[in-house]
Amino acid sequence: MRKLARADRPLHDLATRLLTVAERGLPRMLLPDGTGFVFTRAARATGDRTGARPWSLEQRGTSLRYAAITALGARFLPADRQRAVLGGRTAEEFTGLLIERLPGVRNLGDAALVAWAAAETRHPKLSDALDRVTALDPPGRPHYTVEAAWVLSALAAARGTLDVEDRLTAARDRLLRARIDGGPLFPHATGPGLNPWYRAHIGCFADQTYPLQALARAHATGHDPEALAAADACATRVCSLQGDGGQWWWHYDARRGTVVEGYPVYSVHQHAMAPTALLDLAEAGGTDFAEPIRRGLRWMTEVPELARAGAAEPMILDDLGVTWRKVHRGDPKKAVRAARGLTTRVLPGLRLGPLDAVFRPTAVDRECRPYEFGWMLFAWLGALHDTDDGEANGS
C-alpha cells in the first residue's frame with residue numbers, strides 16, 4: 001500500500017476506499033446466526049420505476065468456500081474489526097467453525113480453503129483440516145486447476161507447523177504437469193475427464209492466478225526455483241495480454257498462450273485476484289508487476305466499456321457496501337464463449353470477430369459475493385502486513 005501511495009496517490013485512495021466498502025459490506029453478507037456467509041447479495045427488481053434504484057438487494061444461498069476466503073482476508077484486520085466482520089469472532093475462532101463442518105464436506109476446493117485458513121490463523125486443528133483434504137485428494141485423480149492450486153497453497157502455509165513435504169511435492173508436481181506442452185498458462189483441469197474435449201485447451205483467469213500464487217508461495221516457504229519460474233512465466237504472459245483499459249480477460253488458450261474470449265470482465269479480478277497473486281509473486285522474489293496491478297485497479301472507476309456506451313452506472317456503491325460483479329456481453333447462455341471455445345479448438349487463433357459487434361460488453365451484473373471482499377482484504381492488507389514486517393526487520 002505504501003508503494004502504491006508513492007506511485008499513484010489517487011489509486012491508493014481508491015484501494016483504501018475499496019477496503020472500506022469491503023468492511024461495510026461483509027457484515028451484511030453474514031448468515032443470521034453469524035456462523036457463515038451467504039453465496040451472494042444480488043439485485044432484485046422491485047417494479048418501482050420512479051426511484052433512482054428500481055431494485056433491492058437480497059441474500060441468496062450459502063457458501064463454505066466464500067466463508068473460508070473471507071477468513072483468509074479478515075485475519076489481517078485488528079481483532080476488533082475481525083469480530084465486526086465475522087459475527088463477533090476472530091478469524092481463528094471463525095475458522096474453527098468451518099473446520100467443524102469438514103467431515104461433511106465433499107468438495108476438495110472447499111476443504112483446501114478451510115485448511116489454508118486454518119494454517120494462516122494457526123488453528124490447533126490444522127492437522128484435522130489437512131487430513132480431510134488428503135481424504136478428498138487420492139493420488140492420480142484429476143481435479144480442477146483452481147482447487148489443485150488451493151491444495152498447494154494450504155500445504156505451503158502449513159509448512160512451518162506440520163510435516164507436509166511429501167503431500168506438498170505431489171501437489172506442486174501436479175500443477176506443473178497440468179500445463180500443456182510446458183506452456184506458461186494453465187488449462188481448467190489438471191488432467192482429462194473433467195471437461196469436454198472441445199474445451200480441454202481453455203483456462204479461465206482464475207486458472208492462472210491461483211496456480212501462480214500457489215507456486216510462488218511454495219517457493220517462498222521452501223526455496224523452489226522451478227516453481228517460481230513457472231509462476232513468473234504465467235504472470236508474464238497474462239500481463240502481456242492485459243487489455244488497454246486494464247482488463248484482466250476471462251478465457252485463454254493454454255496451448256498457445258492467447259486470449260480466447262475477453263468478457264466478462266470481473267471486478268474481483270481487477271481489485272483483488274490479480275493483485276493477490278501478483279503481489280505474492282513479487283513477495284516471493286519474482287517479477288514486480290506493479291504497473292499492470294495499477295492498470296487493473298484503475299478499471300474499477302474508469303470502466304471503458306460503459307464509458308464508450310455512454311452508461312454512467314458506477315461499479316462501486318459505497319453506501320450499499322457492494323462492488324458490482326462484472327461487465328458482460330449479455331449473450332444468451334454465454335454463446336460467445338462457447339463459439340470461440342469450439343472454434344479455437346479446431347482452428348487456433350480464430351476469433352469470430354463479428355460476434356464483438358453483435359454482443360457488445362455493456363451489461364452490468366448487479367451482484368456481489370463475499371469472496372470478492374475476502375480476497376480484497378487478503379491482497380491489500382496482506383501487502384501492508386508484509387511491508388510492515390519488512391520494515392521492522394530492516395529490509
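Only the coordinates and a few stated rules stand behind these numbers; no lab work does. Since the structure is predicted, the reported quantities are computational estimates derived from the model, not experimental observations. In this analysis, Cβ positions are derived from the backbone assuming ideal geometry, glycine residues included, and neighbour counts consider all displayed protein chains.
Details
- Simple spin-label estimate for Ala312 and Arg122 in nanometres, 7 Å along Cα-Cβ: 5.2 nm
- Pairwise label distance in nanometres, Asp80 with Asp181, each label 7 Å out on the Cα-Cβ vector: 5.9 nm
- The stretch between Arg256 and Asp131, if pulled fully straight at 0.36 nm per residue, gains 41.3 nm over its current Cα-Cα span.
- Nearest-0.05 FRET efficiency for Arg53 and Arg101, computed from C-beta distance (R0 30 Å): 0.25
- Estimated from helices alone, the mean residue ellipticity of the chain at 222 nm is -16000 deg cm²/dmol (sum of -39500 (n - 2.57) over DSSP H runs with n ≥ 4, per residue).
- Average projection, convex hull of the Cα set of the range 139-245: 7.2 square nanometres.
- If only the Cβ of Lys and Arg carry +1 and only the Cβ of Asp and Glu carry -1, the dipole of the chain around its Cα centre is close to 1300 debye.
- Options [x] 23.6; [y] 21.4; [z] 25.7 - which one matches Kirkwood radius over Cα pairs in Å as calculated here: [y]
- The range 179-302 - convex hull of alpha carbons, volume per residue in Å³: 96 Å³
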